[in-house]
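Worksheet for the structure shown next.
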Amino acid sequence: MEARSVDVIPRGKEWQYEPKWDGFRCLLSRNGGGIDLRSKSGEDLARYFPEIVAAALKLKADRFTLDGEIVVPHGKGFSFDALLQRIHPAASRVNKLSEQTPALYLAFDLLATAGEKQLAEQPLSERRPALEAFAKANLKSSLFRLSPATTSYAIAKKWLAQSGGGSDGVIAKRIDLRYQAGNRDGMQKIKKFRSADCVVGGFRYATNKLAGRKVVGSLLLGLYDDEGLLHHVGFTSAIKAAEKPDLTDRLEALIGEPGFTGNAPGGPSRWSTERSAKWCPLEPKLVIEVCYDHFSGERFRHGTSILRWRPDKAPRQCSFEQLKQKVVDPMKLLKQM
């Protein structure tokens, strides 16, 4: 069951609302002594989360299928970076992390049990009470939580306003529909988009030339810390083709070391390529306002979109301080149930 992205929270008696968790979506199935953890893309996640497998085998029920999210608690939120570290080829590394930073499974739907195999065919208005009863009877492990749900639009608005730190929006589900596997008809997701003023600390050329000329492909964004160091925090690449030649001229005139004085792009990672490591440093002269959906680990999770240039803004005013916000504590939200 997948979600369709929308701009606003839908209203009406046919909707149920849930926090949108910042983790790995996962179907968890138990059939006696066998546990299967399956990602949204169909990949087997069991080897990466042995603590969840072990905890599931200790549950009272021995036949069931849950839909939920795997998250890794960190401080007062959930860490997506810690979650990514689990996808590692070495079992010894995975086992060590499972002990140091154990994951949680947040259950938000029940698709099958030994007594009611066809729960997925029932509407959410019946599946949710079944899930709550199942959770009360079975999910007493410290690694399992029942994800909260509400039919209150006001509460959903509050969740959206305070998203961050582990929750990156709101999910709205139709309570009158069966489990919509493979389509987006019964579920919508709403994210809270924010803006930030960033220094353009560098850029990368596009892979393809424009009219035989190398042009900019993406801008590398930076923010200052309290010590005055400029850290690379993300990128924006949605640049209109018609604007690229003039922008490239403007950028090339500012090429100069070091660009970023703190964390810089192009560091080694399993996702790095030769092309992604090549970038041109710029003098910190340009400020741009960008729109983003999620910020964690001192960087924007996804690519940002350009809102406008800010010639009225001093580069030194572009600090991490502007990104601080009051967010909901996801662990307290879970304890409300």
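The values are calculated or read from the model by the stated rules, or taken from the named source; none is laboratory data. This is a predicted model, so every value here is computed, not measured. For neighbour counting, all protein chains shown are included, and Cβ atoms are generated from backbone atoms with ideal geometry for every residue, glycine included. Heads up: the accessible areas ignore ligands, DNA and RNA and are worked out on the full protein's heavy atoms, side chains in. Shrake-Rupley method; radii C 1.70, N 1.55, O 1.52, S 1.80 Å.
Of note:
- Crossing angle, helix 124-138 versus the chain [Cα axis fit, 0-90 degrees, rounded to tens]: 80 degrees
- Stretchable slack from Gln317 to Ser125, in nm (0.36 nm times residue separation minus alpha-carbon distance): 64.1 nm
- The loop-placed trypsin sites (Lys or Arg not before Pro) in region 129-163, going by DSSP, that have at most 16 neighbouring Cβ atoms within 10 Å of their Cβ come out as Lys140.
- Shown are Cys291, Cys318, whose ranking by accessible area with a 1.4 Å probe and every protein chain present, most to least, is Cys291, Cys318.
- Solvent-accessible area, 1.4 Å probe, carbon plus sulfur percent, for region 7-140: 51 percent
- 0 to 90° range, to nearest 10: angle between helix 91-100 axis and the chain longest Cα axis: 80 degrees
- Only protein heavy atoms count here; under a 1.4 Å probe, Asp7 has an accessible surface of about 140 Å².
- All other residues whose Cβ lies under 10 angstrom from that of Gln322 are scored, Lys and Arg at +1 and Asp and Glu at -1, for a net of 0.
- Ratio of Rg to Rh for region 58-109: 1.03 [Cα atoms; Kirkwood radius as inverse mean 1/r over pairs].
- Residue-span extension gain [His88 to Arg250] - 0.36 nm each, minus C-alpha spacing: 54.1 nm
- Gap separating the Cα centres of region 94-121 and region 42-69, nearest whole Å: 5 Å
- What the Cα atoms of the chain give is an Rg and a Dmax of 22.7, 70 Å.
- A probe of 1.4 angstrom, applied to the heavy atoms of all protein chains, finds Asp246 with accessible area near 110 square angstrom.
- Each label point was placed 7 Å from the Cα along the Cα-to-Cβ direction; for Lys191 and Ser152 their separation is 2.7 nm.
- Here the label points at Ile306 and Ser141, each 7 Å from Cα along the C-beta direction, are separated by 4.9 nm in the simple model.
- Low-density loop positions, chymotrypsin sites (Phe, Trp or Tyr not before Pro), region 1-93 - DSSP coil, at most 13 other Cβ in 10 Å: none
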